[in-house]
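The values are calculated or read from the model by the stated rules, or taken from the named source; none is laboratory data. Computed from a predicted structure; not experimentally measured. Cβ placement follows ideal geometry from the backbone for every residue including glycine, while neighbour counts extend to all protein chains displayed. For the accessible areas, the whole protein counts, side chains as well, though only heavy atoms, and no ligand, DNA or RNA atoms are used. Shrake-Rupley method; radii C 1.70, N 1.55, O 1.52, S 1.80 Å.
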Amino acid sequence: MGLTSNTLLALAATSGVLLFAGTVWLWPRLARRSLRAVLGRVGLLFATQVAVFAAVGLAANQAFGFYASWADLFGREDGQGVVVDHSAGASEGPLRVVGDRRVTPVGGGRADAAGRVQEIRIVGRTTRIATPAYVYLPPEYFQARHRTRTFPAAVVLTGYPGTAEALVDKLHYPRTASELAAAGRMEPMILVMLRPTVAPPRDTECVDVPDGPQTESFFAKDLPEAVGAHYRVDEGPGRWGVVGNSTGGYCALKLAMHHPDVYAAGAGLSAYYDAPNDPTTGDLFQGDEGRRNRADLWWCLENLPAPDTSLLVTSSKSGESNYKDTVEFIGRVKEKSPTRISSIILESGGHNFNTWRREIPATLRWLGERLGERLGGQSDGRPGGRPDGH
C-alpha cells in the first residue's frame, strides 16, 4: 500500500479504534502488579498511540501533500533529479507528455468544459535537470476557432517538500483557473505545475548551486523554453508569470526579481524572503558571497537596480509567522520604482492549504491582469476580490 493510499489510512484509523477499545476492555485484567500485567499495559498503550499517531500523520500527509511515497518520506527517492543525457540529439526532446486527464467542473457539466491536465517530463536543455510536472490547458486551447491562438502562461510551485499532485488535487489550481475564465474574471491561461525540489530530497531553494543543481537557471531558461516550444504560449519578453506557496513563494518572488525579462509577475503565498541554511538545503553557496547575496531578497532590494516586474505577497495578521516581514517587504518595494507590489492580507489564516485556497482565486486573477498589461491585453477592471495594490 502506498503512503497516500486511502486503504492504508483506513487500516491505521481502524487499528487505533480497535486498540483503544481493547485497552479499555482488557485494562481490569491487567490491573495486577505482576510483570506480565505491567508489560501488557505498556504494550497496549504503546500500540494504541502508535496507531493513533500513524492515522493522524497519514491524514495530515494526504491533506497537505508533504510526501508522495515511502521513498520520499525516508529520503530514498532517486527516480528524478539532476541527470546528464549522454545521447546527444535524443529523439524525445526536452518535453514529453506521459499522461492526460480532464478537469472535473464543479457541479458537473460537460467533461471537456474545464480543460485538461497533462502530465509531462522535462529535461532542461542547458541544466540537464529532469523533473515531472503537470500542465493545465484551458478548454479554448482545443477549440477549432482558437487553433492559432496563443495563451499567457504561469509556473505554479509547491512548498518543500510538497507534491505536484497537490497543486491539482488539493489546491485546485486548474479548477479555479477554469472557473475564473468561464466567469470572465481572467483570460484563459496555461499553468505549469511542479515542485521547486527538482533534485529530491535536497531543498535547493531555486539556487544555482556551485557544482550542483542549477535550479534557478532551469526555471529561468530551460522550463519556459521547453514549454514554449511544445505549447502555444504567448511570445515576447515577460510572457510568463510565477506563483508559489512557502518555499515556492520565495522562489516565485526571486525569479520575478532576478528575471523580469521572463517573468512579468511573481506571487509569493506565505513566502519568506531569504534562503534558509539547514540540513534540507546543505551548503547552497559554498562560500560564494555573491551567490549568497543574490538569494537574499532584502539585499537585492537594497543593492540591485529595481526590476521592471510586478510582485504579490500574502500573509495573515494572525496565524502566519511572516506577517511582520511581509509588511516590511511591502514598504521597501514601494520605494523601488519601477517594481510594483500588491498584497493579500487576511485577518487570520495558518501556513496551510486552506489558507492558500482562499488566496488563489484573487492571485490568479492578479496574475492574469499583470500578464495582460505586459502583453497589451485589457483587464475587466472590476474591483471585487482583487489584491490590494501598493
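For this structure, a couple of remarks:
- Leading residue by the ranking (modelled with the lowest pLDDT) among those in region 280-305 that are surrounded by 16 or more Cβ atoms within 10 Å (Cβ to Cβ) and part of a loop (DSSP other than H, G, I, E, B): THR280
- Extreme residue, least open to solvent (accessible area, probe 1.4 Å), among residues of region 319-361 that are of a type in the set (A, V, I, L, M, F, W, C), closer than 23 Å to GLU187 by Cβ and part of a strand (DSSP E or B): ILE341
- Of all the numbered requirements in (1) without any contact (Cβ under 8 Å) to a residue 12 or more places away in the chain; (2) under 30 Å from ALA166 (Cβ atoms); (3) not in a helix (DSSP H, G or I), ARG32 misses one, and that requirement is (2).
- Filter result (part of a loop (DSSP other than H, G, I, E, B) and open to solvent by 10 Å² or more (accessible area, probe 1.4 Å)) within region 208-218: PRO210, ASP211, GLY212, PRO213
- Evaluating ARG149 against the criteria (1) modelled with pLDDT of 95 or more; (2) open to solvent by 10 Å² or more (accessible area, probe 1.4 Å) leaves one unmet condition, (1).
- Any hit, region 242-250, residues being touching a helix residue (DSSP H, G or I) at 6+ places or on another chain (Cβ under 8 Å), open to solvent by less than 20 Å² (accessible area, probe 1.4 Å) and farther than 19 Å from TRP356 by Cβ: no
- Criterion: among the β-branched types (Val, Ile, Thr) and modelled with pLDDT of 95 or more - qualifying residue of VAL106, VAL98, VAL155: VAL155
- Residues in region 176-199 that are in contact with a Ser or Thr (Cβ under 7 Å, 6 or more places away or on another chain) and not in a loop (DSSP other than H, G, I, E, B): LEU194 alone.
Quick grid of which residues meet (1) charged (D, E, K, R); (2) open to solvent by 80 Å² or more (accessible area, probe 1.4 Å); (3) touching a residue at least 24 places away in the same chain (Cβ under 8 Å):
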{"site": "ALA10", "(1), (2), (3)": "no, no, no"}
{"site": "VAL17", "(1), (2), (3)": "no, yes, no"}
{"site": "ALA21", "(1), (2), (3)": "no, no, no"}
{"site": "TRP25", "(1), (2), (3)": "no, yes, no"}
{"site": "VAL52", "(1), (2), (3)": "no, no, yes"}
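- Flag if VAL227 is touching a strand residue (DSSP E or B) at 6+ places or on another chain (Cβ under 8 Å), more than 25 Å from SER315 (Cβ to Cβ) and assigned by the TED database to the domain that holds GLY290: yes
- Residue under evaluation GLU205, criteria (1) of a type in the set (D, E, K, R); (2) outside any loop (DSSP other than H, G, I, E, B); (3) open to solvent by less than 40 Å² (accessible area, probe 1.4 Å), criterion not met: (2)
- For GLY266, the conditions (1) surrounded by fewer than 24 Cβ atoms within 10 Å (Cβ to Cβ); (2) in contact (Cβ under 8 Å) with a residue 12 or more places away in the chain; (3) outside any helix (DSSP H, G or I) are fulfilled apart from (1).
- Of all the criteria given as (1) open to solvent by less than 30 Å² (accessible area, probe 1.4 Å); (2) closer than 28 Å to GLY212 by Cβ; (3) not aliphatic (A, V, I, L, M), the one not satisfied by ASN277 is (1).
- The residue pairs whose first member lies in region 135-148 and is not assigned by the TED database to the domain that holds VAL168, whose second member is small (Gly, Ala, Ser) and open to solvent by 70 Å² or more (accessible area, probe 1.4 Å), and whose beta carbons are closer than 7 Å, counting only pairs six or more residues apart or on different chains, do not exist in this structure.
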